[in-house]
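Peer 1: Just dropping this structure here.
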Amino acid sequence: MNVPIDDRLIDAAARLISGAKKLAVLSGAGISAESGVPTFRGSDGLWEGHRIEEVATPHAFRQDPALVWRFYNQRRANLTTIQPNPGHHALADLERRQFPDGRFTLITQNVDGLHHAAGSERVLELHGNLRRTRCSRCELVADQGLVPLEERPICLECGGLLRPDIVWFGEMLPPTIWEQAAIATATCDAFLVVGTSAVVYPAAGLISAAKQAGAAIIEVNLTETEASELADIALHGPSGEILPQLARRLQSSN
C-alpha cells in the first residue's frame, strides 16, 4: 500500500532533522506491527487469551512460572520468522549517515530486538528484550537468542529460576536506561515519534519533555495520537513507507 504523503511535509520534516545537532527517536509497537509482530494485547484486554495478571506481572511469575514461560516462549517463537522492515532500516541509516558520533539515540518501547537486527546501535530498550533472560536470584542477564527454552529454565551460574528480561506491569523501568533516555530527550534538537499511541507512561512523557526542552517534534504514525497535538509536523501513514522517504530526502540534501 503506497500512501501519498504531502512532499512539503516530508521536506519540512527533513529540514528540521537536518538542522538538528542531536536526534532522539521514540518508537512503539506500530513500527514492529508492520513487520508482522502481533500486538498481543487485544481489544478485549486479553493477551493472547490470558489476563495480564496471569502472564505479565511479578505475582504471576511467582504463582505459575511455567505458564508465564509458555506465554513468552510463544512470543519468542513468533519472532523467528520476522525481519526488520524498511522503517527499521531507515532509522539505522539515519544513525549511520546523518548522526554519527553519539548524536543519535533510539528509545524503544518494543521488546522484539528488531532495531538491533536492522543495524541500529544506540538503542535504549525501556521495556526489555524477549531474547534475553534475567536470573531471579543473582540477576545475571544473558542473551538467549530465540532458541526454545524450557518451561522453568535455570541459571547456569547459581541455579536460580530464569525469567524473561522484560519489564512487567507493576515494575519500574531500568533506572540507568531511563536516565539515559531522559538525558537524550532533554538534549536533542529534534524528537521523532514513530508508531506509538503515546498513552503508555512513563515513555509517553518523553514527548512532552522534549517539547518543553525546545526540541522539534515530528510524528510518524498511521493515525492521529495523543502526541499529534504536540507535533510540529505529523506524517500519517505506514512508517515503513514514510521513514525511507524521509531518509532519502535527508541524503539528497547533503
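The values are calculated or read from the model by the stated rules, or taken from the named source; none is laboratory data. Everything numeric here is computed off the predicted structure, so don't read it as measured data. All Cβ positions, even for glycine, are placed from backbone atoms using ideal geometry, and neighbour counts span all protein chains on display.
Peer 1: Report yes if Arg152 is assigned by TED's automatic domain parsing to the domain that holds Ala77 and closer than 20 Å to Asn78 by Cα, otherwise no. First the steps, then the outcome.
Peer 2: Details: assigned by TED's automatic domain parsing to the domain that holds Ala77: yes; closer than 20 Å to Asn78 by Cα: yes.
Considered against the rule, which asks whether it is assigned by TED's automatic domain parsing to the domain that holds Ala77 and closer than 20 Å to Asn78 by Cα, Arg152 comes out as yes.
Peer 1: Mind counting the residues in the range 94-127 that are touching a Leu at 6+ places or on another chain (Cβ under 9 Å) and assigned to a helix (DSSP H, G or I)?
Peer 2: Summing the residues that are touching a Leu at 6+ places or on another chain (Cβ under 9 Å) and assigned to a helix (DSSP H, G or I) in the range 94-127 gives 7.
Peer 1: May I pose another question? For the range 174-203, give me the residue count where each residue is hydrophobic (A, V, I, L, M, F, W, C) and either modelled with pLDDT under 95 or not assigned by TED's automatic domain parsing to the domain that holds Asp112 (or both).
Peer 2: In the first step, residues of the range 174-203 are kept if they are hydrophobic (A, V, I, L, M, F, W, C); the result is 177-178, 181-184, 186, 188, 190-194, 198-200, 203.
From the residues that got through so far, the ones that are either modelled with pLDDT under 95 or not assigned by TED's automatic domain parsing to the domain that holds Asp112 (or both) too are 198-200, 203.
Qualifying residue count for the region: 4.
Peer 1: Another question, if that's okay. Give me the pairs: first residue in the range 9-35 and under 15 Å from Ala190 (Cα atoms), second residue of a type in the set (Val, Ile, Thr) and assigned to a loop (DSSP other than H, G, I, E, B), beta-carbon distance under 8 Å, and six or more apart or on different chains, which are they?
Peer 2: Qualifying pairs under 8 Å: Leu26/Thr196; Ser27/Thr196.
Let's see how each residue does on (1) at pLDDT below 95; (2) in the same structural domain as Ile17 (by TED's automatic domain parsing); (3) out of contact with any strand residue (DSSP E or B) (no Cβ under 7 Å at 6 or more places or on another chain):
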| residue | (1), (2), (3) |
| --- | --- |
| Gly205 | no, yes, yes |
| Lys211 | no, yes, no |
| Gly214 | no, yes, yes |
| Val220 | no, yes, no |
| Thr223 | yes, yes, no |
| Ser228 | yes, yes, no |
| Asp232 | no, yes, no |
| Ser239 | no, yes, no |
| Leu243 | no, yes, no |
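Peer 1: Okay, next question. Looking only at the range 146-169, how many residues end up being surrounded by 12 or more Cβ atoms within 10 Å (Cβ to Cβ) and either among the small types (Gly, Ala, Ser) or not in a loop (DSSP other than H, G, I, E, B) (or both)?
Peer 2: 8
Peer 1: Pull out all pairs, ordered by first then second residue, where Cβ-Cβ is under 7 Å, the residues are six or more apart or on different chains, the first lies in the range 68-92 and is surrounded by fewer than 21 Cβ atoms within 10 Å (Cβ to Cβ), and the second is polar (S, T, N, Q).
Peer 2: Partner pairs satisfying both residue conditions: Ile82/Ser35; Gln83/Ser35.
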